[in-house]
Amino acid sequence: MNLRIRTCLLTGILLLVTFITNGLSQSNESAKSDSTDIYTNIIMNRINVVGSPAWKTKIPGAATYISTEQLNAQKYDDINRVLRSVTGVNIQEEDGFGLRPNIGIRGTGVERSSKINIMEDGVLIAPAPYAAPAAYYFPMVGRMSAVEVRKGSSQIKYGPNTTGGAINLVSTPIPFELDGNAELRLGEDNSNKLYANIGNSTENFSFLLEGMHLSDDGFKNLDGGGDTGYDITDLIAKVMFRTNTDASVYQRFELKFGYYDELSDETYLGLTRNDFDNNTFRRYAASQEDQMNAEQRSLMARHFAQFSEQFDVTTTLYRNDFSRNWYKLQSVNGQGPAGVVKNPNVNAASLAVLRGGNSADDALMVRANNREYYSMGVESIFALNLQNEQLTHGIELGIRLHNDEEDRFQWEDGFRMQDGAMILTSNGVPGTQSNRISSAKALSIFLQDEIEYGRFTFTPGVRLENIWFEREDFGKNDVRRTGSELKENDYSINEFIPGAGITYQLDEQFTLLAGVHKGFSPPSPGSDPDTRSEQSVNIEAGTRFDNEKLQAEVIGFFNDYSNLLGSDLAAGGGSGTNAQFNAGEVEVIGLELAASAELSNLLKTSFLLPFSVNYTYTDATFQNSFESDFSPWGTVEDGDQLPFIPEHQFSANLGLELNRISVNLSASSTSAMRTRAGTGFLDPNFKTDSYFLLDAGSSYKVTQNFILFVNVRNALDQTYVVSDRPHGLRPGLPRRVLGGVKFNL
């Protein structure tokens with residue numbers, strides 16, 4: 001879609017906003033203001049994982065809340081950049097845009113964010129969070145109103161993974177009254193964004209319509225020319241019905257529909273070290289056919305009933321369908337691209353083909369990684385509040401029935417390279433490469449009680465995960481799935497997961513906190529029969545400080561794994577079976593420091609100067625020796641450090657708000673990471689680069705409703721290696737200048 005069409009579309013949206021404004025102005029006079037609706041806060045307590053800045057709460061563990069104002073300061077569409085400001089979060093960049101993030105928390109594996117719980121509005125959002133938890137879909141942060149991160153013993157109510165934590169993305173809420181926004185952003189490499197929403201509330205009915213379109217030609221230079229970017233459409237619709245606030249039983253019913261469509265020219269193929277040094281943003285000719293096509297559809301229905309001041313029930317039904325076909329290079333001259341790129345001198349002939357040299361027919365095999373997923377379920381949370389003269393109990397009982405599935409039906413096509421262009425030489429037959437279905441059914445129950453006694457808040461909890469896994473492998477020869485070569489594997493897991501946290505209000509400013517809980521992550525279908533669940537004991541302790549001038553948090557943590565699970569994902573450098581395997585004992589020790597302040601209170605300035613700083617130290621080491629076929633681990637010795645876990649992470653943010661002008665500077669620094677298990681000196685052939693990134697943003701309010709803005713990503717134009725997997729070195733995003741306009745109703 002070209003700029004002229006986008007501009008016309010934006011104009012149409014603005015006209016629609018104006019039309020609806022005029023049409024609803026009368027009904028808005030009777031609109032109910034949810035700002036005085038106590039029920040809204042109650043519902044948020046049931047489905048959100050933080051709900052407000054952690055130092056304002058009695059959460060007995062580490063938690064971070066990134067507000068709408070913070071998200072608007074830089075207008076990020078990349079979740080990696082958003083999470084740089086959160087302590088304890090480990091990130092491995094991949095494509096420079098954050099389309100398929102690799103996120104871990106407190107030393108969990110980062111591969112496709114498969115070891116953490118990813119949610120949108122309290123609903124598990126990974127394509128198949130039990131059967132195939134690798135997050136090949138991640139909600140677009142550019143349409144979110146907040147991002148919440150919950151860590152440690154305080155997140156026992158979120159599962160199935162309880163080791164690291166949970167990330168909940170809070171979508172744009174239905175406004176309390178008639179409201180709308182529209183934004184147009186343009187930038188380098190034909191980067192552009194079109195966003196608009198409109199919503200309104202009356203006494204008994206509310207709605208929100210939201211749409212976003214993002215596209216980019218990409219910053220990498222494909223041999224022979226071509227796009228290396230993406231084109232994404234994201235649509236959301238919400239409606240809500242509710243009783244009058246004075247009803248004997250107050251009820252709310254909300255429906256949410258979502259649609260996501262992506263076409264991205266992304267690849268797993270990276271560069272040799274010499275090619276990276278000579279032309280960092282080069283992409284080899286052999287990746288010219290690589291492309292991801294993805295579609296996601298979601299439906300959520302949520303009902304809330306307040307039977308009394310002491311008792312309420314929140315029930316959520318959800319269904320998510322995700323399909324994708326990542327068409328990408330699988331082999332060259334019968335060899336995996338990783339071996340060619342990492343050993344260029346030994347594989348000079350194959351490397352020449354990757355670079356565009358002529359080849360024989362079928363020298364390049366491109367696999368259609370075609371998969372379909374669904375996840376569906378129903379969850380009810382029963383909340384009971386009890387109080388006497390000494391104790392207050394906030395009891396929550398949650399029950400979830402869940403079912404999800406991954407269906408792989410893949411094939412390979414053959415190409416030859418001719419004068420730098422890939423020519424199709426053979427058509428593969430669908431189902432002849434991977435032809436299997438993995439599924440899971442789960443019954444999850446949690447019980448948690450927040451007990452307040454004087455200055456103490458004690459929060460014990462327990463979670464039960466009952467999971468039934470099944471895999472049906474039809475084989476490469478039975479593409480009609482008659483069952484002639486069917487291999488079945490099914491097993492069940494029943495896990496008891498306790499945890500407890502405590503806070504003590506030392507005075508009006510200081511809060512002490514501590515907690516311990518059991519970490520758990522289930523093995524996926526297709527794992528070896530001797531693969532055990534991931535198990536750990538996780539401990540944390542620290543303090544929070546909060547007064548009118550400064551908010552701060554210091555937390556130390558220790559995760560003691562009796563069995564860490566590794567994942568055989570192609571994205572992580574494995575063979576792509578998705579199977580998991582035992583990796584033995586691991587210890588993760590860390591320290592998290594966070595502080596924020598309004599410096600104008602200290603410096604006595606007439607303008608606002610919000611400031612925040614975060615630091616994380618992590619030491620993650622194997623406690624046993626073993627041999628692994630998984631390339632990022634290889635031969636592991638007792639004391640080796642885990643790969644892709646940085647030892648030091650730092651971020652800082654400084655803003656300035658003066659009359660109509662606002663400026664925001666965001667800095668982050670990450671130490672070099674090992675890309676293969678080891679100890680001592682970092683081998684230059686198996687490490688990422690350390691880097692310091694500076695992002696800048698500014699805006700000018702022309703009128704109360706019209707804002708101009710400019711954002712710069714990587715303002716210092718740092719060039720750095722973010723990964724050497726799965727098939728060679730890959731760079732981070734170079735400097736990029738973006739600018740646009742925003743209209744508020």
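Output the residues belonging to the range 388-411 that are over 30 Å from the mean Cα position of the chain (by Cα) and either under 20 Å from residue 43 (Cα atoms) or open to solvent by less than 40 Å² (accessible area, probe 1.4 Å) (or both). Residues satisfying the conditions are 392, 393.
In the range 256-269, the residues that are without any contact (Cβ under 8 Å) to a residue 60 or more places away in the chain and surrounded by 20 or more Cβ atoms within 10 Å (Cβ to Cβ) form Cβ pairs under 8 Å with partners that are outside any strand (DSSP E or B) and not aromatic (Phe, Trp, Tyr), at six or more places apart or across chains, as follows: 265/218; 265/226; 265/227; 265/228; 265/229; 265/290. Of the residues 179, 216, 223, the single one that is open to solvent by 40 Å² or more (accessible area, probe 1.4 Å) and either farther than 24 Å from residue 708 by Cβ or touching a Gly at 6+ places or on another chain (Cβ under 9 Å) (or both) is 179. Within the range 347-361, residues that are open to solvent by 20 Å² or more (accessible area, probe 1.4 Å) reach partners that are part of a loop (DSSP other than H, G, I, E, B) with beta carbons closer than 8 Å, at six or more positions or on different chains, in the pairs 349/333; 355/223; 355/284; 358/419; 359/333. Condition first: of a type in the set (Lys, Arg) and touching a residue at least 60 places away in the same chain (Cβ under 8 Å). Now tell me which residues in the range 313-341 satisfy that. The answer is 324, 328.
Scanning the range 152-173 finds one or more residues that are of a type outside the set (Ser, Thr, Tyr), touching a residue at least 12 places away in the same chain (Cβ under 8 Å), within 30 Å of residue 242 (Cβ to Cβ) and surrounded by fewer than 21 Cβ atoms within 10 Å (Cβ to Cβ). At least 1 residues being touching a residue at least 40 places away in the same chain (Cβ under 8 Å) and of a type in the set (Asp, Glu) is the threshold, and among the strands (runs of 3 or more DSSP E) wholly inside the range 484-571 those reaching it are 534-546, 550-563.
The single residue among 146, 134 that is farther than 18 Å from residue 61 by Cβ, part of a loop (DSSP other than H, G, I, E, B) and open to solvent by less than 10 Å² (accessible area, probe 1.4 Å) turns out to be 134.
All conditions but one from (1) open to solvent by 70 Å² or more (accessible area, probe 1.4 Å); (2) under 23 Å from the mean Cα position of the chain (by Cα); (3) of a type in the set (Phe, Trp, Tyr) apply to residue 691; the one that does not is (1).
Evaluation of residue 485 against the conditions (1) over 30 Å from residue 403 (Cα atoms); (2) of a type outside the set (S, T, N, Q); (3) touching a Gly at 6+ places or on another chain (Cβ under 6 Å) shows that the sole unmet condition is (1).
Scanning the range 91-123 for residues that are of a type in the set (A, V, I, L, M, F, W, C) and assigned to a strand (DSSP E or B), which turns out farthest from residue 572 (Cα to Cα)? Result: 123. Whenever a residue of the range 440-466 is free of Cβ contacts under 8 Å to residues at least 12 places away in the same chain and closer than 30 Å to residue 526 by Cα, it has no partner that is assigned to a loop (DSSP other than H, G, I, E, B) and open to solvent by 60 Å² or more (accessible area, probe 1.4 Å) lying with C-beta atoms less than 6 angstrom away and at least six residues away or across chains.
Name the single residue that is most open to solvent (accessible area, probe 1.4 Å) among those in the range 583-598 being in contact (Cβ under 8 Å) with a residue 40 or more places away in the chain and over 25 Å from the mean Cα position of the chain (by Cα).
598
Condition check ((1) open to solvent by 40 Å² or more (accessible area, probe 1.4 Å); (2) touching a strand residue (DSSP E or B) at 6+ places or on another chain (Cβ under 6 Å); (3) modelled with pLDDT under 95) across all residues:
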position: 663; (1), (2), (3): yes, yes, no
position: 681; (1), (2), (3): yes, no, yes
position: 695; (1), (2), (3): no, yes, no
position: 699; (1), (2), (3): no, yes, no
position: 704; (1), (2), (3): yes, no, yes
position: 736; (1), (2), (3): no, yes, no
position: 742; (1), (2), (3): no, yes, no
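Of all residues in the range 308-326, how many are farther than 16 Å from residue 45 by Cα and either within 22 Å of the chain's Cα centre (by Cα) or modelled with pLDDT of 95 or more (or both)? Going through the range 308-326 one residue at a time, the tally reaches 10.
If you check 148, 111 for being farther than 27 Å from residue 317 by Cα and not small (Gly, Ala, Ser), only one passes: 111.
Out of 463, 480, one residue alone is surrounded by 20 or more Cβ atoms within 10 Å (Cβ to Cβ) and basic (Lys, Arg). It is 463.
Of the residues in the range 65-78, none is crowded, with 24+ Cβ neighbours inside 10 Å and among the β-branched types (Val, Ile, Thr).
The values are calculated or read from the model by the stated rules, or taken from the named source; none is laboratory data. Remember, it's a predicted structure, so these values are computed and weren't measured experimentally. Note that each Cβ is placed from the backbone with ideal geometry, even for glycine, and that neighbours are counted across all protein chains shown. These accessible areas exclude ligands, DNA and RNA; they are computed on the full protein's heavy atoms, side chains included. Shrake-Rupley method; radii C 1.70, N 1.55, O 1.52, S 1.80 Å.
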